[in-house]
1. Return the distance in nm (one decimal) between the two label points of a simple spin-label model at Asp255 and Arg120, each offset 7 Å from Cα along Cα→Cβ.
2. Calculate the tail of P(r) for the chain: the fraction of all Cα-Cα distances greater than 36 Å, expressed in %.
3. Calculate the spin-label point distance for Gln41 paired with His198, positioning each point 7 Å from the Cα along the beta-carbon direction, and give it in nanometres.
4. What are the radius of gyration and Dmax of region 1-130, computed over its Cα atoms and given in Å?
5. Got a sec to turn the phi values of region 195-204 into Karplus ³J(HN,Hα) couplings, 6.51 cos²θ - 1.76 cosθ + 1.60 with θ = phi - 60°, whole Hz, x for Gly and Pro?
6. Give the long-range amide H neighbours of Leu253: residues separated by 5 or more places, or on another chain, with amide H under 5 Å away, using H modelled in the peptide plane at 1.01 Å from N.
7. Could you list which residues have their amide H under 5 Å from that of Asn268, counting only those 5 or more apart in sequence or on another chain, with H placed in the peptide plane?
8. Report, ordered by chain and residue number, the aspartates and glutamates lying within cross-link reach of Lys179, taken as a straight Cα distance under 18 Å and ignoring same-chain residues fewer than 8 apart.
Amino acid sequence: MAFAVASLLPVPLLALGIWAAGLWVWAGFLYVALLAALLDQMLPLALGDAPEGAEFPAADAVLVAVGVAALALLPAATWAIAGPSGLRPGQKVLVFLGTAFWLGQVGHPAAHELIHRGNRALFRLGQTVYAALLFGQHASAHRLVHHRHVGTAQDPNSARSGEGFYRFAPRAWRGSFIKGMRAETALRAKGKGGGGPHPYIVYMIIGMLGLALAAGIGGLAGILVWLGLALHVQMQILLSDYVQHYGLRRVILADGRPEPVGPQHSWNTAQWFTAAMMLNAPRHSDHHAHPTRPYPALRLPSDAPRLPWPLPVACTLALLPRLWRRAMAPHLKPWVKAAEARQVTQA
């Protein structure tokens, strides 16, 4: 219930802002931009770990609801901003930001969970959400590249210590696109692609259909709004990748292979409200250890790196590279030393 309410409540607020205007245009924006951070600070509680083996029959239903809402909000927000909605310029800005923040902070975690599901229909929904955001590559690169190579030089989405976000983002975008496509092609060469067209062709078709819909809604302005929303969400996804693995590297073993992925290779946060709103995405170490584990069952390891801020706050801080590096230095240092000690042991 906590996940459903926290993640889905902004949807009717955003919808009311689009259709009714007035003060409603502030509601969805303030929910994701301010309320979540305030509740985390005012009530700094951590959601308890679920019992091992517990089942969550409604968990996938929440993911489907969020995924469908994401696909509906994209054209609705495009109409509100580029179409004949009657909204004033300032109201259009609030609709744009509120929608983009929700898509990045809730729509993305839901799509991320969906692409890890074995059910084909759920997996396709996750792919469709990313493709509509013109970021279909993430559905391939995250599963086939990031999870395998996280914390190594082979993973474009693992940020190096001292690397600023604005240097990381283009490297990660380009690297994940290329490596994701190569990984999908290699699977098909081995006869493991599951048949059908290459996923990157599907991503392109869905993206073009989305832009065609945007053009039908608002012409060139509609296309620009859709592109703007997609770019905003892509930056949030890259920010999340940047923050959650910043500076954490896997030790290279004597045989040349990286050490197994462990809790020490991902940053986590314990704040309760953003964890509920973001479907436990801040419990990142356990996700890497158990990629198919349902999000309500993800645990918060006591021996994993932990950020002192909620994930959205950390992502905002990362937009200021010098401040980010100074703020992170004391938190990163013990984990770097521990990795160096493990490397010495291997040598």
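Coordinate-derived values only; no laboratory data. In this text the structure is predicted, and so the values were computed from the model without any measurement. Note that each Cβ is placed from the backbone with ideal geometry, even for glycine, and that neighbours are counted across all protein chains shown.
1. 3.6 nm
2. Working: 10968 of 60031 pairs.
When all Cα pairs of the chain are counted, 18 percent exceed 36 Å.
3. Spacing of the two 7 Å Cα→Cβ label points: 4.8 nm.
4. 16.0, 52
5. Once rounded to whole Hz, the list reads x, x, x, 4, x, 5, 5, 4, 4, 5.
6. Here the answer is Glu259, since their amide H atoms fall under 5 Å of that of Leu253.
7. Hits under the 5 Å cutoff: Arg306, Leu307.
8. Straight-line reach from Lys179, under 18 Å: Asp155, Asp241.
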